[in-house]
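Taking it in order: structure first as structure tokens, then the write-up.
The values are calculated or read from the model by the stated rules, or taken from the named source; none is laboratory data. Note that this is a predicted model, so its numbers are computed, not measured. Backbone-built Cβ (ideal geometry, glycine too); neighbour counts: all protein chains shown. The area values use the complete protein model at the heavy-atom level, side chains included, leaving out ligands, DNA and RNA. Shrake-Rupley method; radii C 1.70, N 1.55, O 1.52, S 1.80 Å.
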Amino acid sequence: MARRGGSALRRARAWLPGLLLVAPSIILIGVFVYGMLGWNFSLAMTDKHDEVSEGSFVGLRNLIDIWDLPRWHLSVNHAILFTVVFVGGALLLGWFLAFLMEKGIKGEGTFRAIYLFPMAISFVATGIVWRWLMNSGQGERAVGLNRLFDVIGLPQWAWFRDQDWGMAAMALPAIWQMSGYVMALFLAGFRGVPEELREAARVDGCTEWGVYRHIVLPLLRPVTLSALIILGHISLKTFDLVMAVSGKQIITDVPAVFMWVAVFDSHDPAKGATIASYIVLSVAIFVIPYLIWSVRKERRS
């Protein structure tokens, strides 16, 4: 018994200091992250559609009824278009920039800093600058990119005010800001591929493109998946960029903006919580499979 007591005491001394160190963070995360998420889901299941009533439990009625709102369908379609253009554009541009860096161009450090610099700027500041660049004024009223296109003889665009492709234009500032981060991820992946594997492929007769296609790119799948998860969850909850560029306009409406309008303009807490619940669930679709994959990978290794 004495041995067992001494062994338990030694184990407690080993893990107790670490537990006490992280305990405040665990408590804060439990209260202000998971506690707030639970409160939001519980509010979404009530009929509290004003700020004075108590609200009673209605189950999943709000989550179902919101699909009858045309604005909800519009905001979801906008979010999907924004996500596809933003994630695809940032991945392609980031990979291309990393490919150039990997080839050892002169002044690599300077170019790397230039590409990463936009990430240090907030989406609000980015949106303010790009609101001027994507001004839809044409002819003598043209400024920003439309003015440049007019000078060089290219057609001028409506940019984010276009009814069909406005959200695709809205993704351009996000691509500009996040492509440098994606470049850093891919560049680390490129530099982590052993040179021996590349040389072996070249000896076997692979062209340079074949080396990338059959050796390098398959090894970059974990990096690509990580970038996809990060960009996907950023795009699905985008709010500040849209508000900075166009404000609360229907033509660029997304679920996060719709949630803001429902809570602070329409004073409908239940509807706002319902929209927030869908945003959390959509982000979870990206994050949870990635976490499961990461845990399984660590166990196999």
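Figures for the structure shown
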{"item": "Meets criteria (over 27 Å from LYS48 (Cα atoms) and within 18 Å of the chain's Cα centre (by Cα)) for VAL242", "result": "yes"}
{"item": "Every residue from the range 147-173 that is among the small types (Gly, Ala, Ser) and under 30 Å from GLY232 (Cβ atoms)", "result": "ALA158, GLY166, ALA168, ALA169, ALA171"}
{"item": "Pair list, Cβ < 7 Å and 6+ apart or interchain, from the range 147-171 residues that are open to solvent by 90 Å² or more (accessible area, probe 1.4 Å) to residues that are among the hydroxyl-bearing types (Ser, Thr, Tyr)", "result": "ARG161/SER136"}
{"item": "Hits in the range 1-32 (condition: among the aromatic types (Phe, Trp, Tyr) and at pLDDT below 90)", "result": "TRP15"}
{"item": "Residue in the range 198-218 that is assigned to a helix (DSSP H, G or I), within 20 Å of the chain's Cα centre (by Cα) and not aromatic (Phe, Trp, Tyr) present", "result": "no"}
{"item": "Residue match in the range 118-134 (condition: touching a helix residue (DSSP H, G or I) at 6+ places or on another chain (Cβ under 8 Å), open to solvent by 40 Å² or more (accessible area, probe 1.4 Å) and of a type in the set (Lys, Arg))", "result": "yes"}
{"item": "From ALA12, ALA79, residue being without any contact (Cβ under 8 Å) to a residue 24 or more places away in the chain, assigned to a helix (DSSP H, G or I), open to solvent by less than 30 Å² (accessible area, probe 1.4 Å) and hydrophobic (A, V, I, L, M, F, W, C)", "result": "ALA12"}
{"item": "Some residue of the range 242-260 being farther than 22 Å from PHE190 by Cα, in contact with a Gly (Cβ under 7 Å, 6 or more places away or on another chain), without any contact (Cβ under 8 Å) to a residue 40 or more places away in the chain and not acidic (Asp, Glu)", "result": "yes"}
{"item": "Verdict on ILE152 being among the β-branched types (Val, Ile, Thr) and at pLDDT below 95", "result": "yes"}
{"item": "Count of the range 18-76 residues which are part of a loop (DSSP other than H, G, I, E, B) and either of a type in the set (Gly, Ala, Ser) or closer than 16 Å to PRO255 by Cβ (or both)", "result": "5"}
{"item": "Matching residues in the range 53-76 - criterion: being surrounded by 13 or more Cβ atoms within 10 Å (Cβ to Cβ), of a type in the set (Phe, Trp, Tyr) and at pLDDT below 95", "result": "none"}
{"item": "Residue within the range 213-235 that is touching a residue at least 12 places away in the same chain (Cβ under 8 Å), of a type in the set (A, V, I, L, M, F, W, C), in contact with a Cys (Cβ under 9 Å, 6 or more places away or on another chain) and open to solvent by less than 80 Å² (accessible area, probe 1.4 Å) present", "result": "yes"}
{"item": "Matching residues in the range 261-279 - criterion: being surrounded by fewer than 16 Cβ atoms within 10 Å (Cβ to Cβ) and at negative phi", "result": "PHE264, ASP265, SER266"}
